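The values are calculated or read from the model by the stated rules, or taken from the named source; none is laboratory data. Keep in mind that what you see is a predicted model, and the values were worked out from it rather than measured. Neighbour counts are summed over all protein chains in view; Cβ atoms, including those assigned to glycine, are modelled from backbone coordinates with ideal geometry.
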């Protein structure tokens, strides 16, 4: 199988390499459902040295109403927080900054509205990541923080979801993201502020129900070391340590159950005051403890230690590895080619032609190396839908790419791949094109048009890529100069049909 890594037909990364000996300044923002976190660090000698760390309780998930919409008050809190983060990003290059959104932005029906406002404020792209991708990044951050051998279970209780990962070294072996978090469970079980044994147990049973389908598979894989990361588990470890009943950073079953009793005795969320617990976490803390109690119960845990390193650290380590041989996206795409039995020769021919066409219009259309990379990837995956059915296979392929868990990819990246595969043949998908965010519509449409032409030029499935015709771009108008072909009549008919398809979408393609 041909590797999907940077090769002669994939564009090199367009960022300049750091000066030898100079650290690389990186930044990550984690738009969590409970808290937003900023991490700025220097990367050198395979390690991160923290330069700045900021965190605020935004409780974005609390602003998602029963109608599924994120309210204006929550958006304002979030944007105000990002405005305070912005000065820390002034010396960060766009390629060294990554902003990721999690459960609240995954679930809110109007999340794109907030994303566009936040992108304008930060002047950078925001990527909403899927639950299992969030779990992968959490594991990456925790594994680097631990820097130890042995198979471990990593648990991260967030505001809207809980991630559980089993892995060894830097390789996750089981990834799961469950729909339970300290903010969403607070709204669900403690919305009136009352805290009782009955309410606590209802929350625990709901968490146990979520855990039921992964309990046996996870126990079958097994682990030696249960480790917790992020706010809820850090707070639980801190409160238990303050009692003197457990060493710092370790949550014992006994200490956890004692903490549970102490919380219930307060009877109300607004009465919670515990040594080691920050006031801004108190209201959502019981719900987080309920989830943690359920995890101890489901997996029969006796203790769990806390470790620094979570999503934001994982985002930075992942950023370092992007577009390198360690980029997990390469492995994911190769696995897709293998799983769906892609015709590798045809896929590579289409990719070669698509990138050759792109180079001719790169300057006129201001296309980047990153866009060239995604065009190459979409070219190599454009026929995966054939594994489902030959009829409408472009639709099947798009569905697979949009709805699969693709390790290393954010949702916007999956959406781009899916759109390109959907758009590579037949009528140009105007409805799907217009549904794209306004900031992406022009560039995505241009890439789709290049892919369509590359597929047509390789229609006869040649042994080698065909001679590259001349392509010119003026605004959105394309002019193709095509001199010869193995089957000129077939190619002419295909191109005339393509001209009609593009005209129907309001796009101009001329053949010379």
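Miscellaneous remarks
- Filter result for residue 269 (touching a strand residue (DSSP E or B) at 6+ places or on another chain (Cβ under 6 Å) and assigned by TED's automatic domain parsing to the domain that holds residue 205): no
- Scanning region 418-431 for residues that are within 30 Å of residue 116 (Cβ to Cβ) and buried (at least 17 other Cβ atoms within 10 Å of the Cβ) gives 418, 419, 420, 421, 422, 423, 424, 428, 429.
- Any hit, region 302-321, residues being more than 29 Å from residue 155 (Cβ to Cβ) and not in a helix (DSSP H, G or I): no
- Counted residues, region 188-206 - those being outside any loop (DSSP other than H, G, I, E, B) and touching a strand residue (DSSP E or B) at 6+ places or on another chain (Cβ under 8 Å): 1
- Residue within region 237-252 that is surrounded by fewer than 17 Cβ atoms within 10 Å (Cβ to Cβ), under 25 Å from residue 135 (Cβ atoms), at pLDDT 95 or above and not assigned by TED's automatic domain parsing to the domain that holds residue 30 present: no
- Residue 449 being within 30 Å of residue 334 (Cβ to Cβ), at pLDDT below 95 and touching a strand residue (DSSP E or B) at 6+ places or on another chain (Cβ under 7 Å): no
- Residue count for region 415-436, restricted to those that are touching a helix residue (DSSP H, G or I) at 6+ places or on another chain (Cβ under 6 Å) and either over 25 Å from residue 507 (Cα atoms) or part of a loop (DSSP other than H, G, I, E, B) (or both): 7
- Restricting the search to helices (runs of 4 or more DSSP H) fully inside region 101-180 and requiring at least 3 residues that are surrounded by 16 or more Cβ atoms within 10 Å (Cβ to Cβ) and outside the structural domain of residue 57 (by TED's automatic domain parsing) gives 131-146.
- Filter pass, residue 478 being part of a strand (DSSP E or B) and outside the structural domain of residue 113 (by TED's automatic domain parsing): yes
- Scanning region 227-278 for residues that are farther than 22 Å from residue 34 by Cβ and in a strand (DSSP E or B) gives 250, 252.
- Residue 214 being surrounded by fewer than 20 Cβ atoms within 10 Å (Cβ to Cβ) and outside any loop (DSSP other than H, G, I, E, B): yes
- Output for region 328-354, where each listed residue is buried (at least 17 other Cβ atoms within 10 Å of the Cβ) and not in a helix (DSSP H, G or I): 340, 342
- Residue satisfying condition, being surrounded by fewer than 19 Cβ atoms within 10 Å (Cβ to Cβ), assigned to a helix (DSSP H, G or I), over 23 Å from the mean Cα position of the chain (by Cα) and in the same structural domain as residue 483 (by TED's automatic domain parsing), within set 364, 454: 364
- Options 314, 309, 288: the member that is touching a strand residue (DSSP E or B) at 6+ places or on another chain (Cβ under 6 Å), within 25 Å of residue 160 (Cα to Cα) and surrounded by 23 or more Cβ atoms within 10 Å (Cβ to Cβ): 288
- Options 460, 439, 443; residue that is part of a helix (DSSP H, G or I), assigned by TED's automatic domain parsing to the domain that holds residue 496, surrounded by fewer than 16 Cβ atoms within 10 Å (Cβ to Cβ) and touching a helix residue (DSSP H, G or I) at 6+ places or on another chain (Cβ under 9 Å): 439
- Residue in region 72-92 that is surrounded by the fewest Cβ atoms within 10 Å (Cβ to Cβ), counting only those that are touching a strand residue (DSSP E or B) at 6+ places or on another chain (Cβ under 8 Å) and in a loop (DSSP other than H, G, I, E, B): 91
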